[in-house]
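These notes concern the structure reproduced below.
Only the coordinates and a few stated rules stand behind these numbers; no lab work does. Bear in mind that the values here come from a model prediction, so they are computed numbers and not experimental data. As a convention, Cβ positions derive from the backbone with ideal geometry for all residues, glycine included, and neighbour counts pool all protein chains shown.
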């Protein structure tokens with residue numbers, strides 16, 4: 001198949017934040033082209049957004065239902081191949097379900113949906129249709145995250161004993177939603193965000209990253225959620241103790257009232273022989289500390305790195321590559337998988353991406369954190 005993979009987008013119109021990020025990431029490798037969209041629940045805004053993106057008017061739709069139905073009626077050589085869902089959380093499930101039912105692959109922003117029941121339904125439907133489903137936990141796309149994962153899988157650190165993951169932000173330190181700031185308004189609204197605020201928005205990133213890097217699975221949770229800002233409807237800070245299958249222990253905290261912090265996602269993994277540390281604020285470095293050797297600082301593009309890391313590095317060493325490139329790795333890998341599927345081949349496992357099953361675990365994490373915080377006791381994952 002000698003053509004680009006065709007993408008339709010739901011959400012991400014004028015005034016949106018993450019939609020533009022998705023479009024830049026999808027376009028970076030020249031593998032994907034945006035061919036249609038339902039960019040807003042307001043048909044007029046959707047049309048204006050499509051016009052700004054230079055799409056043909058007939059491929060800009062007033063609703064996701066209209067788009068999915070109309071695209072399914074187009075000849076195979078014209079219709080979209082997959083849909084990218086970049087809406088607030090409460091508008092993930094409906095479009096994803098419809099896309100799968102009409103035979104389209106799906107890329108969806110995180111968290112997967114609003115509750116575990118919806119997540120399990122999407123997982124079952126993905127399995128029934130054998131369609132591809134990617135969840136944009138974009139931090140897994142960083143080369144040095146891949147390096148950390150490869151080293152742990154190779155047992156270079158020995159058995160893992162302790163994992164600490166943290167994601168502090170400071171942008172919600174005040175009652176920002178009271179000024180009708182769009183991002184703050186929906187992310188702090190239980191009807192649109194779901195049962196948690198900070199823990200669902202960024203805590204799920206930390207949860208996904210620690211399980212991805214370490215290969216460990218959470219078995220039990222103890223949590224303390226807090227809402228510090230008066231008038232806020234959802235948590236803006238949370239601390240979680242974790243137990244993993246096999247005996248390792250962990251700590252996870254997520255906060256959006258950590259004044260002065262930007263997006264300081266950080267993970268530390270301690271094994272029998274040594275430890276790893278990676279920070280999203282300095283993503284091209286992986287710090288490795290040993291019991292009996294000097295500390296190492298591994299750098300993207302420098303020296304002998306794991307094939308997984310090399311496959312996700314894009315530019316010469318010493319040139320910063322970061323958030324957009326990691327995000328683009330998710331889209332590129334997904335496009336490669338779609339292309340392989342169309343050719344009747346198996347995707348190369350080297351080019352992986354988070355799946356609907358990761359989304360199920362994220363929703364279960366949210367549900368269990370809320371339960372543990374309310375009960376103030378350990379709950380099984």
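The table that follows gives values for the structure above.
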{"item": "Residue 41-residue 342 pseudo-label distance in nm [points 7 Å out on the Cα-to-Cβ vector]", "result": "3.3"}
{"item": "Percent of alpha-carbon pairs separated by more than 19 Å within the range 1-71", "result": "28"}
{"item": "Label-to-label distance, nm, for residues given as residue 76 and residue 263 (7 Å Cα→Cβ offset)", "result": "3.8"}
{"item": "Long-range tail of P(r) for the chain (Cα pairs > 28 Å, %)", "result": "46"}
{"item": "Fewest-first sequence of 199, 363, 342 by Cβ atoms within 10 Å of each Cβ", "result": "342, 363, 199"}
{"item": "Cβ-based exposure ranking for 295, 355, in which fewest neighbours within 10 Å come first", "result": "295, 355"}
{"item": "Residue 241-residue 314 pseudo-label distance in nm [points 7 Å out on the Cα-to-Cβ vector]", "result": "4.2"}
{"item": "The range 5-28 versus the range 188-240: alpha-carbon centroid distance in Å", "result": "25"}
{"item": "Nearest-ten-degree value, helix 143-153 long axis tilted from longest Cα axis of the chain", "result": "50"}
{"item": "CD proxy at 222 nm, helix term only [per DSSP H run n ≥ 4: -39500 (n - 2.57); per residue of the chain; nearest 500]", "result": "-10000 deg cm²/dmol"}
{"item": "Residues 360, 302, sorted so that the one with the fewest Cβ neighbours within 10 Å comes first", "result": "302, 360"}
{"item": "Sorted peptide list for 241-247, 255-261, 165-171, 314-320, criterion being average Cβ within 10 angstrom, highest first", "result": "165-171, 255-261, 241-247, 314-320"}
{"item": "The range 74-120 and the range 122-183: distance between their alpha carbon centers, rounded to Å", "result": "19"}
{"item": "Helix axis angle, 204-214 relative to the chain longest principal axis, alpha carbon, degrees", "result": "60"}
{"item": "Acute angle (nearest 10 degrees) that the helix 323-342 long axis makes with the longest principal axis of the chain, alpha-carbon atoms", "result": "60"}
{"item": "The chain: relative contact order as a whole-number percent, Cα under 8 Å and 6+ apart", "result": "20"}
{"item": "Rh (Kirkwood; distinct C-alpha pairs) - the range 198-293, Å", "result": "14.7"}
{"item": "Overall Cα dimensions of the range 5-131 - principal axes, largest extent first, Å", "result": "37, 32, 29"}
{"item": "Where the Cα pairs of the range 234-341 fall when distances are cut into 5 Å bins, in %", "result": "2, 9, 14, 17, 17, 17, 15, 8, 2, 0"}
